[in-house]
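Down below is the structure, laid out as structure tokens.
The values are calculated or read from the model by the stated rules, or taken from the named source; none is laboratory data. Source: prediction; values computed, not measured. Every residue, glycine among them, receives a Cβ derived from its backbone with ideal geometry; neighbour counts consider all protein chains shown.
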Amino acid sequence: MKCLLIASESAEVLFHWTDPEFQQNIQAQYGASQEEGQGLPAFEDSISTLFAPIIISCSTMVDRLGDSYTSFTTENNHIYVLHQFDECLYIAVNGDGEEGEDDLRRKIYVMKKIIEVLFGMVTLSSNLLRRELRPQDTEQRARLWKHLQSLLETYSHLRENDQSFLVEAVERLIHPTLCEQCIEFLERRLVQQLNSSVERAREEVLHAFILVHTKLLAFYSSRNASTLATSDLLALIIMAQNMYPSNTDLDDPGPEVRNTNNHSFYTPEPSPTDRDSNKRGSTPVFEFMDPDIQMAEDSLQTLEVPPPDPSTPRRVFLEISSKDGLYPMMPHSMYCLPLWPGITLVLLTKIPTNNVAASVYKYLEAFAKLEKRLSEGQEGSAATRGTLTIHDIRSKLDKFIKALGPSDLQSAQLQNVWTEFKNRAFARGGTGFNKDLIPWCKNMKTQLCGIYRQCFLIDSGPGDIPQRLSPGLQERAQTMVQEKLMDWKDFLLVKSKRNITMVSYPDFPGLIHFICVDRSTGQMIAPSLNITERTTSELGKGPVAQFIKSKVWSLVSTTRRFLRKGYSTVTLRDGDFYFCYFLWFENETGYKLEAGDIPILPDDSAPIGMLAWDYYRKLLRYYSKNHQGEVVKCYELLTVHLGVIPTEIILQHCRQLASKLWEPSRNPLL
Amino acid sequence: MAELIRRCSNFFLYDGSKVTGEGDPTREGICYFYPEETPIDKQELLCGQLAGVGRCVSELSSSPVRILRLRRNKYAIHMKDDFFWALGCSVEVPTVSVCELLDQLIKLFCFYNGSIRQSYQLNSRETLAARWARYLSHLQSGSSELHHIFSCLRTIDSTNVDPLLLLKAALILQACQRCPLVLAGCILFRGRVVSTQMSPELTMKVMVHESETYTKAQKPNGLSSTSSSSAAVCSTTVFLTMSELQYLQSPPVDKDLRSHSTPHKDGPLKKTRLSRTLSDMASTESDSSDPGPSQSPQKMSFSPCLSESDNSLFSPAPSQSAADPLHPPPQSPEPPFSNGKHSHEAEEEALEQSYYQSFHSNGDGDSQIHNKGDDSVFEGNSHFNGGGREGDTACGTVFDFRGGESGNEESHDDKELVGDSGRAQGQTAEVGDPPPCYGAFDNPEESPLIPMTLYLHRVKGLVLALLVEPHFLSDTASMEEVYHSSLASLNGLEAHLRTISPGAPGAQGPYIFAHFDCIQSTLTTNLSGRPGGAPEHPFVRATSLLHLHFCNTETLQEAIIRSAGAAVYGTRSVAQETYFQQHGGSLRNSGIPNHQDSAFSLPSKARHRLLKHGVNLL
């Protein structure tokens, strides 16, 4: 019983995802009045009708009380979480007790993050985003929604099963020599060769990394690239997983079914097995829905001809931190090259028109600031003060528009609005800088987003040669890395499942599990938790491991709740276990800094983590205020011990783990 | 008042059945809205939107909405039939507490008014609005933030009170119960519980009427009517749920023993209250109707406890009590299970604790005085058993408490009595307020509400509240009996309680603690209990967070949480929750795991420090 819905303020459904149970529930409620066999639109209609009163009440509350709903809970423990981003209302529902309010809120934020990575600054204009999320063409819409649904499902699966997505930090494969070799290989051989090739079509490889399932084997960034934010890296891992789902958990029926339905047109060849298992996936209760599914698939079938070229990169929008500041959502191309099942090479390139995006962002920011000042009642010169004065912008924007060329419709529109804006703001007869200018600020922003959309989101016309690394070049890159890793392939696949194991910690009797996270680099270390029947870990197999896993998962959500209220140390005696959680700060030399106040956040604040909203970056910034001129690092440690172990011993263990884990020399595993 | 506003920002009852057509104005459906001065269009907006969204969500999930959160407020919701209740609080208040508050409020209303639908049929909105307002202000008023977090009963500070007085109070109640029409009672002093035989829930409900009559009594223009006993006695009709009633009726009172003291008038009642033994008791316990989940622990604990004491009280055969494994031989100086107490099952612990207010033996001069969960519980009892037996043939007998002080006290009491009853003539007493609806049934599928009578006997700040069968009021003999049997003792008790200084809360000490007894719903704390006790206090904040977490995680036993400013330790068992914070000490720490960190010594410190407050965490 799960659902995620995005709706516009006018209760138009911009996206929805439901699991079969929820769909069944909706259809059962609607079934009485609705004739069957109406196909996909019918379900969309019913979901929109049922949610409409909630959506409309939401906007009424915002308009008239200035307050909005954040959640509902029913007596049978169905949870509804609502969050409004600009004019898009996100509603996440759970009715099977598997997700709590925090999980649902996190899902909403992750969905928003995914949309940002896919649509970039278009998300800054609700109007454009609405059109982007709900294309007029039903086929196109179905395809887009399927893609988003699949990404969401991939994320949910990872969050429920992968520790790195539980704590939202990247996990590395612990094999120092191989990692080093690979990084060197990426740097000296691969990236160098790619960037010096003429077939790169003016693209430049900025980052290259190798994923073994969700774990990072090697990561290389070219010298002139900015750091890839953890948030973006995690989002890219979700996308890579979605394209080439790893079947690590073959004996776990859930993910298999999950992965089958919608990859057919993202994988190079539509594989027949996928389609078979799709049939298997639809449970008998949905017999009556078969026509719908068939229809949806038929429409996809038509879309698959011609199948999208696998060498076509995905456009992704990632954050760049450069000398003159932070630029969110800058366009990149993402090449996801499968090496073997479970092992993927990912290349991120800078596209040649990158600087247009940076300019658009600067202008957007300037108009947003201006709008904010004007709406706060500032007028005249007070309103125009800022890092980039409006007069600066005036000349720059003039040049920018000239460079775009007035040929096409979008830049002509921008030109018109800009002229009107100038007339009002600067001309004698104009209104000058006051509240009347606000709508024109908004209009300018929309136009800029439109330009951005046209430059980076719309595929180039059919006649153009697609802008990308040539297929041959991609193939060569793929082969190079395959050759390099050929001997290691099987080892890596096993290693990714048993990265480190508790067997390696004989000096910690009674320690069952731990997770250690370096929040400054967004990396984590934890023993593998294998819960499938086939593999036996130290935790035993099956139910016992599953039980411990569920404890670890709930511990993480508990500690987040306390952290949100300002508690950075938590110990819990729960059943037969003793849990500890510590968050602390160190400077670069490893000196432990004094614990400071941690901001207290409201219950409905953004989820604590690094994927959707980087809490720790903000925490570090907050903490660093009192540690000027020092590089501050933030660490977290979670441990699970047997309850019978004396607390002193447990705390000693924690201390040892905390001091040892990030020191390669002392860790037997590094 | 400021506190009141902060705690509950909105409350309303909306009747959807009044607004069905398109043209019906929303205001038709608003039965009550707090704060009443809210502009009507805002009332309509809130009621309309929340009720509308509530209905929509409950249709989607096929279950009523329980909690509705906004960014700045959270609402506990109750939906039943066409009625929609919403109680809004600021977001800092723990959700469980808000929900509890709303439930209490609704139950309180039903307790005094019967079913909602019928009350609104029989009374005007204005009348009932005044009642909602009164209940609301009662539930919110005058306690500290900690009390609100746990929704606990306000009790007198038992550490300040001579245990003998608590015993005395319990005995008064027991004596009243000898009249078969009396179901159970409690004694309250200045709005605080001295002793009660009822479940915390019921006690809490009864206290509303007490505070109400108290305020009325303060006003000179109170309506004067006198009861046959011509004292500050009043009564009102109340409505009990089936399970509450069954629970009250289940305490076994040995009819055979009582029969010669009180003539039987209640034919049908006899069936349920025939003589019982402990084994009898157990069987009826198990098959008596299912109590609400919140009530079950009380059922388990209270009733056997009563049977325990009553048996010992009235049993003519000492062998019986000696044979009882839970009941030590009457004169045994040290009950055999005193050490095992805390390892016992929770139900036994509850059993002992549930009577902590009443059983404080000081028969022998050397008895140690604990403030709760006293080991000598049954000793005290047996003293009474020995001493009081001779006098109990008639209810009217003024109890002669053994011990030095009783002689003086007696005469003193008599004087008081004269003055009292003289004054009482002019005082308020609403007797025989005709029950608004007899045998009120909310609707078929719901448990019926059974009308009973709440009888109050006030002696200045002290009130004896008894739940009695409705025809008790017409039974002059019984009334007089109850009145006279308790009057002198009440006077005495009042005089003593009055002299006790409200007392600075116990030694402050370098620590703060709060100990919540889930069974009795009582709180012991050394945090200054002034109303409005700052909710931003780190201890209160941590406690509220941990309490919520304990509520949500059944298996959680203890927790230490630390922010930059404070480390708080919380521990709980089935019967209690305890929170502890140590002041001072070096709070400078890096947050890195360190076994020398003072935060991790909190459990042992708590164990040590709290012993002297009668909190045993071992």
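Among the residues of the stretch A:59-102, those that are among the hydrophobic types (A, V, I, L, M, F, W, C), within 22 Å of A:Glu12 (Cα to Cα) and in a helix (DSSP H, G or I) comprise A:Met61, A:Val62. If you filter the stretch B:27-42 down to residues that are buried (at least 21 other Cβ atoms within 10 Å of the Cβ) and without any contact (Cβ under 8 Å) to a residue 40 or more places away in the chain, you find that the one that is nearest to B:Arg69 (Cα to Cα) is B:Phe33. When the stretch A:620-651 is filtered for residues that are within 12 Å of chain B (Cβ to nearest Cβ) and closer than 30 Å to A:Leu152 by Cα, the ones remaining, listed by number, are A:Cys634, A:Tyr635, A:Glu636, A:Leu637, A:Leu638, A:Thr639.
Scanning the stretch A:561-579 for residues that are more than 7 Å from every other protein chain (Cβ to nearest Cβ) and under 31 Å from the mean Cα position of the chain (by Cα) yields A:Arg561, A:Leu563, A:Arg564, A:Phe579.
Condition check ((1) over 32 Å from the mean Cα position of the chain (by Cα); (2) at negative phi; (3) at the interface with chain A (Cβ under 7 Å from one of its Cβ atoms)) across all residues:
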| position | (1), (2), (3) |
| --- | --- |
| B:Leu556 | no, yes, yes |
| B:Ile560 | no, yes, yes |
| B:Gly565 | yes, yes, no |
| B:Val568 | no, yes, no |
| B:Ser573 | no, yes, no |
| B:Leu611 | no, yes, no |
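Of the residues examined, B:Ser58 is one that is crowded, with 17+ Cβ neighbours inside 10 Å and either at pLDDT 90 or above or over 30 Å from B:Arg541 (Cβ atoms) (or both). Could you tell me whether A:Arg105 is more than 23 Å from B:Arg71 (Cβ to Cβ) and outside any strand (DSSP E or B)? Considered against the rule, which asks whether it is more than 23 Å from B:Arg71 (Cβ to Cβ) and outside any strand (DSSP E or B), A:Arg105 comes out as no. Of the residues making up the stretch B:71-85, those that are within 13 Å of another protein chain (Cβ to nearest Cβ) and surrounded by 23 or more Cβ atoms within 10 Å (Cβ to Cβ) number 4. Does at least one position in the stretch B:8-16 carry a residue that is in a helix (DSSP H, G or I) and in contact (Cβ under 8 Å) with a residue 40 or more places away in the chain? Within the stretch B:8-16 (the criterion being in a helix (DSSP H, G or I) and in contact (Cβ under 8 Å) with a residue 40 or more places away in the chain), the answer is yes, since at least one residue qualifies.
Hey, any hits in the stretch B:217-231 for a residue that's at pLDDT 70 or above, crowded, with 23+ Cβ neighbours inside 10 Å and under 21 Å from B:Tyr483 (Cα atoms)? No, the stretch B:217-231 has no match at all.
Taking the criterion of being of a type in the set (D, E, K, R) and part of a strand (DSSP E or B), the only residue of the stretch A:338-364 that qualifies is A:Lys350.
Of the residues making up the stretch B:458-478, those that are in a loop (DSSP other than H, G, I, E, B) and out of contact with any Gly (no Cβ under 7 Å at 6 or more places or on another chain) number 5. Would you pick out the residues in the stretch A:129-142 that are surrounded by 17 or more Cβ atoms within 10 Å (Cβ to Cβ) and more than 16 Å from A:Phe43 (Cα to Cα)? Within the stretch A:129-142, A:Leu129, A:Arg130, A:Glu132, A:Leu133 qualify. Being of a type in the set (S, T, N, Q), in contact with a strand residue (DSSP E or B) (Cβ under 9 Å, 6 or more places away or on another chain) and outside the structural domain of A:Trp613 (by the TED database) is true for just one of A:Gln84, A:Gln136. Which residue is that? Matching residue, one of A:Gln84, A:Gln136: A:Gln84. All of (1) at pLDDT 90 or above; (2) outside any strand (DSSP E or B); (3) not hydrophobic (A, V, I, L, M, F, W, C) hold for A:Tyr220 with one exception: (2). Taking the stretch A:172-221 as the range and being touching a Cys at 6+ places or on another chain (Cβ under 8 Å) and of a type in the set (Gly, Ala, Ser) as the test, only A:Ala218 passes.
Looking only at residues in the stretch B:575-600 that are more than 10 Å from every other protein chain (Cβ to nearest Cβ) and surrounded by fewer than 20 Cβ atoms within 10 Å (Cβ to Cβ), the one that is farthest from B:His147 (Cα to Cα) is B:Ser586. Using the structure shown, decide if A:Pro307 is out of contact with any Ser or Thr (no Cβ under 6 Å at 6 or more places or on another chain), surrounded by fewer than 17 Cβ atoms within 10 Å (Cβ to Cβ) and either at pLDDT below 85 or more than 30 Å from A:Val494 (Cβ to Cβ) (or both). Answer is yes for this residue. Scanning the stretch A:39-64 for residues that are without any contact (Cβ under 8 Å) to a residue 12 or more places away in the chain and at the interface with chain B (Cβ under 7 Å from one of its Cβ atoms) yields A:Pro53, A:Thr60, A:Met61, A:Arg64. Among the residues of the stretch A:485-511, those that are among the β-branched types (Val, Ile, Thr) and either over 31 Å from the mean Cα position of the chain (by Cα) or surrounded by 18 or more Cβ atoms within 10 Å (Cβ to Cβ) (or both) comprise A:Ile500, A:Val503.
Let's see how each residue does on (1) closer than 28 Å to A:Met1 by Cα; (2) assigned to a helix (DSSP H, G or I); (3) within 11 Å of chain A (Cβ to nearest Cβ):
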site: B:Arg27; (1), (2), (3): no, yes, no
site: B:Tyr32; (1), (2), (3): no, no, no
site: B:Cys99; (1), (2), (3): yes, yes, yes
site: B:Lys107; (1), (2), (3): no, yes, no
site: B:Ala129; (1), (2), (3): no, yes, no
site: B:Leu136; (1), (2), (3): no, yes, no
site: B:Leu139; (1), (2), (3): no, yes, no
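Pick from the stretch A:580-611 the residues that are over 30 Å from B:Ser573 (Cα atoms) and charged (D, E, K, R): which of them is farthest from the other protein chains (Cβ to nearest Cβ)? Ranking the candidates gives A:Glu588 first.
Table: residues versus (1) within 14 Å of chain A (Cβ to nearest Cβ); (2) farther than 30 Å from A:Gln27 by Cα; (3) not acidic (Asp, Glu).
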| position | (1), (2), (3) |
| --- | --- |
| B:Gln43 | yes, yes, yes |
| B:Ser58 | yes, no, yes |
| B:Ser63 | yes, no, yes |
| B:Arg69 | yes, no, yes |
| B:Cys89 | yes, yes, yes |
| B:Phe111 | no, yes, yes |
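Scanning the stretch A:620-658 for residues that are under 28 Å from the mean Cα position of the chain (by Cα) and surrounded by 15 or more Cβ atoms within 10 Å (Cβ to Cβ) yields A:Leu620, A:Tyr623, A:Ser624, A:Val632, A:Lys633, A:Cys634, A:Tyr635, A:Glu636, A:Leu637, A:Leu638, A:Thr639. A:Leu118 meets each of the listed conditions (1) in contact with a His (Cβ under 9 Å, 6 or more places away or on another chain); (2) on the phi > 0 side of the Ramachandran plot apart from (2). For the stretch A:101-113, taking the residues that are farther than 20 Å from A:Gln23 by Cα and not charged (D, E, K, R), the one that is nearest to the other protein chains (Cβ to nearest Cβ) is identified as A:Tyr109.
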